[in-house]
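Q: Below is one structure. I have some questions about it.
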Amino acid sequence: MTKNVLETIQFDEQGLIPVVVQHAQTKEVLTVAYMNRQSMEKTIETKETWFFSRSRQELWHKGATSGNTQQVVAIRTDCDEDALVVEVLPKGPACHTGEATCFHKDILSPGQTVGSFGILADLVQVIQQREKSMPEGAYTTYLFEKGVDKIGKKIGEEATEVVIAAKNRDAEELQWEAADLIYHLLVLLQEQKVNLYDVLEVLQKRHESKS
């Protein structure tokens, strides 16, 4: 974003613009804040989020005291150029309460389970914790204890089950087997210390090179 682009931003009568801060990888909304022109310029210059505090009437650098800074990956504006989305890689909780996101209080919860890509991030965290604590009796513990040969064998078995379910045109069975395959793949990535987001980055680069 250049200064020429900044000239088109529609600040309100107080010289502010609302900013939605979003996790660049999980796409979770972390917080909503405000920027003025100066904090936008500092955000672009430092590649870390700077906001304007309406209560204190001053600039503030997210994480300056807590260390929970936010590395800026991208900044987008809406069609009217009067609101921003800032994608970040957070180095800690976004909320002053210690929660990962400020939006952690439910008013209306889903009446049913809704599948989303967010479950991948949740699974990665659970698998990482399992490897650290190795709780007795947990299946993930068993896989880590047996090592790469067992995990690799399970991936082969689940991949075969996926193909069988597909050939049988059994959509429900295919969903279950695909879920098993993804879970075991995540365990393998953790065992090998390969970050899931590095894999997704490879997919992104391939996609961009062909678009």
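Q: I need a count of the residues in the stretch 36-83 that are acidic (Asp, Glu) and touching a strand residue (DSSP E or B) at 6+ places or on another chain (Cβ under 7 Å). Let's see the steps before the verdict.
A: Step one: list which residues in the stretch 36-83 are acidic (Asp, Glu), which gives 41, 45, 48, 58, 78, 80-82.
Still in the running and touching a strand residue (DSSP E or B) at 6+ places or on another chain (Cβ under 7 Å): 48, 82.
Matching residues across the stretch 36-83 total 2.
Q: Also, I was wondering about something else. Tell me which residues, restricted to the stretch 47-64, are of a type in the set (Gly, Ala, Ser) and open to solvent by less than 50 Å² (accessible area, probe 1.4 Å). Talk me through it step by step, then tell me what you get.
A: Let us first name the residues in the stretch 47-64 that are of a type in the set (Gly, Ala, Ser), namely 53, 55, 63-64.
Passing the criteria: Ser53, Gly63.
Q: Answer with yes or no whether Glu41 is within 17 Å of Phe103 (Cβ to Cβ) and of a type in the set (D, E, K, R).
A: Values: within 17 Å of Phe103 (Cβ to Cβ): no; of a type in the set (D, E, K, R): yes.
No; evaluated as a whole, the condition is false for this residue.
Q: Please go through the stretch 1-27 and give me each residue that is surrounded by fewer than 18 Cβ atoms within 10 Å (Cβ to Cβ), of a type outside the set (A, V, I, L, M) and part of a loop (DSSP other than H, G, I, E, B), ordered by number.
A: Within the stretch 1-27, Thr2, Glu7, Thr8, Gln10, Phe11, Asp12, Glu13, Gln14, Gly15, Lys27 meet the criteria.
Q: Then there's this: On the basis of being free of Cβ contacts under 8 Å to residues at least 60 places away in the same chain and over 30 Å from Leu203 (Cα atoms), does Pro93 make the cut? Write out each step before concluding.
A: Working: free of Cβ contacts under 8 Å to residues at least 60 places away in the same chain: yes; over 30 Å from Leu203 (Cα atoms): no.
For Pro93, the condition - free of Cβ contacts under 8 Å to residues at least 60 places away in the same chain and over 30 Å from Leu203 (Cα atoms) - is not met.
Q: Of the residues that sit in the stretch 121-161 and are charged (D, E, K, R) and open to solvent by less than 40 Å² (accessible area, probe 1.4 Å), which one is farthest from Lys27 (Cα to Cα)?
A: The residue in question is Lys154.
Q: Which one of these does Gly137 not meet: (1) within 16 Å of the chain's Cα centre (by Cα); (2) over 20 Å from Leu185 (Cα atoms); (3) of a type outside the set (A, V, I, L, M)?
A: Every listed condition holds for Gly137 apart from (1).
Q: Given the residues Val21, Val5, Val72, Val32, which is the only one that is more than 17 Å from Phe103 (Cα to Cα), of a type in the set (Val, Ile, Thr) and touching a residue at least 24 places away in the same chain (Cβ under 8 Å)?
A: Working: Val21 fails: more than 17 Å from Phe103 (Cα to Cα); Val5 fails: touching a residue at least 24 places away in the same chain (Cβ under 8 Å); Val32 fails: more than 17 Å from Phe103 (Cα to Cα).
Result of the check over Val21, Val5, Val72, Val32: Val72.
Q: Within the group Ala165, Ala179, which residue is among the hydrophobic types (A, V, I, L, M, F, W, C) and surrounded by 16 or more Cβ atoms within 10 Å (Cβ to Cβ)? Let's see the steps before the verdict.
A: Details: Ala179 fails: surrounded by 16 or more Cβ atoms within 10 Å (Cβ to Cβ).
Just a single option satisfies the conditions, and that option is Ala165.
Q: Further, regarding this structure: For residues that are in contact (Cβ under 8 Å) with a residue 24 or more places away in the chain and over 16 Å from the mean Cα position of the chain (by Cα), scanning just the stretch 190-211, find the one that is least open to solvent (accessible area, probe 1.4 Å). Show your work before the answer.
A: To start, the set of residues in the stretch 190-211 that are in contact (Cβ under 8 Å) with a residue 24 or more places away in the chain comprises 190-192, 196-197, 200.
Remaining after also requiring over 16 Å from the mean Cα position of the chain (by Cα): 190-192.
Values: Gln190: 31, Glu191: 53, Gln192: 103 Å².
Here the answer is Gln190.
The values are calculated or read from the model by the stated rules, or taken from the named source; none is laboratory data. None of these values were measured; they are calculated from a predicted model. Cβ: placed from backbone, ideal geometry, glycine included. Neighbour counts: every protein chain shown. Heads up: the accessible areas ignore ligands, DNA and RNA and are worked out on the full protein's heavy atoms, side chains in. Shrake-Rupley method; radii C 1.70, N 1.55, O 1.52, S 1.80 Å.
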